[in-house]
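Below you'll find the structure, written out as structure tokens, and then a few comments.
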Amino acid sequence: MLLYGDLPDKNQLQVFEEKVIEEMLVHEKIKDFYKGFESDAHPMAIMCGVVGALSSFFHDNLDIKNPKQREITAIKLIAKFPTLAAISFRTSKGLPLVQPDKKRGYTENFLYMLFADPMDTDFKIPQVMIDALDKIFILHADHEQNASTSTVRLTGSSLANPFACISAGIASLWGPAHGGANEDCL
């Protein structure tokens, strides 16, 4: 709904979810970026750096004035974010990376990449955890025009690379008067 303005029907939702799942993998060179961060680096610092670095992977022939290219870029951003966050988490804990699984949905994949034991082929995420995180994602998406959203929009108004714009939004989100407040509550 945030991308297209209307809730999708069942078929539209399935097509969208398939597109997102197809884009969840990240380039192997992106994983090298994580080696440059201290193991105790703040997750927002890592996400700022890594998401900003994605702009170097997605820049050729990117015409953000083209609606189709904007849609493709949005799907890439939505898809890669859980993978990048999971890599950040697992790297900070010294755990082996877990790749996304095409048989799992978006939220389940995120939890799977965070917590799965790569040696346990029967690893399952409790449905109550998936449902709870889905609700949290919806609440955050419904938060309207906050500081990080405004930052992304302002940065994007210069026609900057969308990945760089999102990195600027992450920097804003990190502040103690925005996402940092949520972090303190947790």
> Can you work out the FRET efficiency for the pair His27 and Asp122, with r the C-beta to C-beta distance and R0 = 45 Å, to the nearest 0.05?
Replying inline: 0.90
> According to the Cα gyration tensor, what semi-axes, each the square root of 5 times an eigenvalue, does the equivalent ellipsoid of segment 87-186 have, listed from largest to smallest in whole Å?
Replying inline: 29, 16, 14
> In segment 102-174, carbon and sulfur make up what percent of the accessible area (probe 1.4 Å)?
Replying inline: 63
> Roughly how compact is the chain, stated as its Cα Rg over 2.2 N^0.38 Å to two decimals?
Replying inline: 1.03
> Considering only the other residues whose Cβ falls under 12 Å of the Cβ of Met129, what net charge follows from Lys and Arg at +1 and Asp and Glu at -1?
Replying inline: -1
> Just from its helices, what would the mean residue ellipticity at 222 nm be for the chain, if runs of 4 or more DSSP H residues each count -39500 (n - 2.57) and the sum is divided by every residue, rounded to the nearest 500 deg cm²/dmol?
Replying inline: -19000 deg cm²/dmol
> What is the packing order of peptides 23-30, 102-109, taking the mean over residues of other C-beta atoms within 10 Å and listing the highest first?
Replying inline: 102-109, 23-30
> Are any of the pairs Lys35/Lys124; Lys10/Lys31; Lys31/Lys76; Lys29/Lys124; Lys68/Lys135; Lys35/Lys68 more than 27 Å apart by Cα-Cα distance, and if so, which?
Replying inline: Lys35/Lys124; Lys10/Lys31; Lys29/Lys124; Lys68/Lys135; Lys35/Lys68
> What number comes out for the charge environment of Val20, summing +1 per Lys or Arg and -1 per Asp or Glu over other residues with Cβ under 15 Å away?
Replying inline: -2
> Which of the peptides 40-47, 161-168 is most tightly packed, and how do the rest follow, judged by the mean count of other Cβ atoms within 10 Å per residue?
Replying inline: 161-168, 40-47
>> Along the Cα→Cβ direction, 7 angstrom out, place labels at Asp101 and Arg70. What is the inter-label distance in nm?
In response: 3.7
> Fully extended, how many nm does the chain gain between Asp134 and Lys35 (0.36 nm per residue separation, minus their Cα-Cα distance)?
Replying inline: 32.6 nm
> Taking N as the number of residues in segment 1-106, what value does Rg over Cα atoms divided by 2.2 N^0.38 Å take?
Replying inline: 1.18
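The values are calculated or read from the model by the stated rules, or taken from the named source; none is laboratory data. Everything numeric here is computed off the predicted structure, so don't read it as measured data. Don't worry about glycine lacking a Cβ; one is built from the backbone with ideal geometry, like all the others, and counts go over all protein chains shown. The protein model used for the area step is the full one, side chains on, heavy atoms only, and it has no ligands, DNA or RNA in it. Shrake-Rupley method; radii C 1.70, N 1.55, O 1.52, S 1.80 Å.
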